Amino acid sequence: MLLTVLNSAKTFSRHLRLNFKRIVTTWPFRTMSVGKVGRNNWPVAAVCQMTSTSDKTDNLRVCQQLISSAATQGADMVFLPEAFDYIAENKDESIELSENLDGDTITAMKDAAKSHGIWLSLGGFHQRGLNGVDSRIRNSHVIINSNGEVVEVYDKIHLFDVKLKRDGIVQLKESAHTLPGTRVSSPVSTPIGRVGLGICYDLRFPEMSLVLKQMGAEILTFPSAFTSVTGQAHWEVLLRTRAVDNQCYVVAAAQVGQHNGRRMSYGHAMIVDPWGKIVASCDGEVGVALAEIDLDNLRKIREEMPLDDQRRPDLYGSVAVCDSGFCKILII
């Protein structure tokens with residue numbers, strides 16, 4: 001009964017928004033909507049932006065508010081950024097604050113998904129290591145369905161180990177406290193389409209996005225915490241390129257602002273359509289942006305420009321061989 005009432009409320013909310021392009025909520029953050037949200041009967045994605053700290057209780061409160069706001073406005077799936085659970089001050093604190101999938105944080109997210117009748121993309125979650133030999137955590141992208149069930153967990157495979165000597169020194173070594181994942185997850189069937197899972201730095205590796213597309217992805221998602229330096233230089237161009245190259249929607253939730261004395265994130269969460277157009281975006285504040293996912297247009301783009309049929313693996317190789325959604329990853 002509760003789920004029926006919530007779904008009815010979502011439908012009613014969508015009708016109320018027929019003539020509006022921009023929505024402002026009463027939460028202590030802004031709701032930014034770009035595009036034709038509510039004008040059609042297409043599914044709606046909500047991309048979120050927040051400023052995590054080491055205060056897990058406060059981070060959870062913000063997540064719950066963002067989810068509630070997006071659900072009220074008719075979202076079918078809500079995307080939260082990398083490190084939605086916390087951003088620690090140092091390596092030791094990051095390991096200490098980590099949880100298992102059955103801990104308080106994911107339990108609260110399951111409850112939120114079920115109570116709002118909505119799907120959630122949570123990436124990355126600091127998942128505690130499973131063995132006593134290596135204390136490092138895993139950076140996990142967790143998908144929860146509207147019944148409050150975990151349906152997929154992807155562990156980040158490309159870890160952010162960099163030292164940039166420009167505009168000040170940016171030095172991060174994610175591998176110091178994080179174990180790399182060992183597989184590319186199959187795209188997940190959701191109410192908005194088939195979602196391929198990545199996290200942040202994965203965005204810079206086009207082979208991964210191509211494999212996900214060949215495995216059937218219609219939406220690529222890269223929940224992120226881009227630094228201010230790399231974000232200003234590369235964030236938008238990378239997201240739009242992945243959308244165009246793979247003829248997919250790209251949904252990229254983001255961290256924004258100052259997390260502590262050492263960390264600052266670029267923000268600018270966005271949704272990009274398969275033609276490379278930004279259809280929803282957040283600015284420099286905590287908030288949520290919504291866009292409809294038009295899979296008919298995606299299919300039209302792929303039919304008019306059949307990139308997969310025109311590839312020449314005989315000349316430059318292939319990253320995977322796929323048949324009916326099943327892929328064998330090749331080593332080139």
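The values are calculated or read from the model by the stated rules, or taken from the named source; none is laboratory data. Quick caveat: nothing in here was measured; it's all calculated off a predicted structure. FYI the Cβ positions are ideal-geometry reconstructions off the backbone, even for glycines, and counts take in every protein chain you see. Remember, those area values only see protein heavy atoms, side chains included, never the ligands or the DNA or RNA. Shrake-Rupley method; radii C 1.70, N 1.55, O 1.52, S 1.80 Å.
A few remarks follow.
- Candidates are the residues of segment 323-332 that are surrounded by fewer than 10 Cβ atoms within 10 Å (Cβ to Cβ) and either touching a strand residue (DSSP E or B) at 6+ places or on another chain (Cβ under 6 Å) or closer than 20 Å to Glu218 by Cβ (or both); the one that is modelled with the highest pLDDT is Lys328.
- Among the residues of segment 136-164, those identified as hydrophobic (A, V, I, L, M, F, W, C) and out of contact with any His (no Cβ under 9 Å at 6 or more places or on another chain) are Val142, Ile143, Ile144, Val150, Val151, Ile157, Leu159, Phe160, Val162, Leu164.
- Any hit, segment 228-248, residues being buried (at least 24 other Cβ atoms within 10 Å of the Cβ), among the aromatic types (Phe, Trp, Tyr) and either closer than 21 Å to Val44 by Cα or in contact with a strand residue (DSSP E or B) (Cβ under 8 Å, 6 or more places away or on another chain) (or both): no
- Filtered residues of segment 197-208 (kept if more than 18 Å from Ala269 (Cβ to Cβ) and open to solvent by less than 40 Å² (accessible area, probe 1.4 Å)): Met208
- Residue in segment 251-263 that is in contact with a strand residue (DSSP E or B) (Cβ under 8 Å, 6 or more places away or on another chain), open to solvent by 10 Å² or more (accessible area, probe 1.4 Å) and over 27 Å from Glu99 (Cβ atoms) present: no
- Taking segment 306-322 as the range and being open to solvent by 100 Å² or more (accessible area, probe 1.4 Å) and charged (D, E, K, R) as the test, the residues that pass are Asp309, Arg312, Asp314.
- Taken together, Arg166, Arg128 contain a single residue that is among the charged types (D, E, K, R) and in contact (Cβ under 8 Å) with a residue 60 or more places away in the chain, which is Arg166.
- For segment 196-218, a residue qualifies if it is in contact with a helix residue (DSSP H, G or I) (Cβ under 9 Å, 6 or more places away or on another chain), of a type outside the set (Asp, Glu) and over 25 Å from Val170 (Cβ atoms), and the qualifying residues are Gly196, Leu197, Leu210, Leu212, Lys213, Gln214, Ala217.
- Within segment 65-93, the residues that satisfy the criterion of being closer than 26 Å to Tyr201 by Cα, open to solvent by 10 Å² or more (accessible area, probe 1.4 Å) and in a helix (DSSP H, G or I) are Lys91, Asp92, Glu93.
- Filter result (in a strand (DSSP E or B), open to solvent by 20 Å² or more (accessible area, probe 1.4 Å) and hydrophobic (A, V, I, L, M, F, W, C)) within segment 94-144: Trp119
- Count of residues meeting criterion [modelled with pLDDT of 95 or more, open to solvent by 40 Å² or more (accessible area, probe 1.4 Å) and of a type outside the set (A, V, I, L, M, F, W, C)] in segment 282-305: 7
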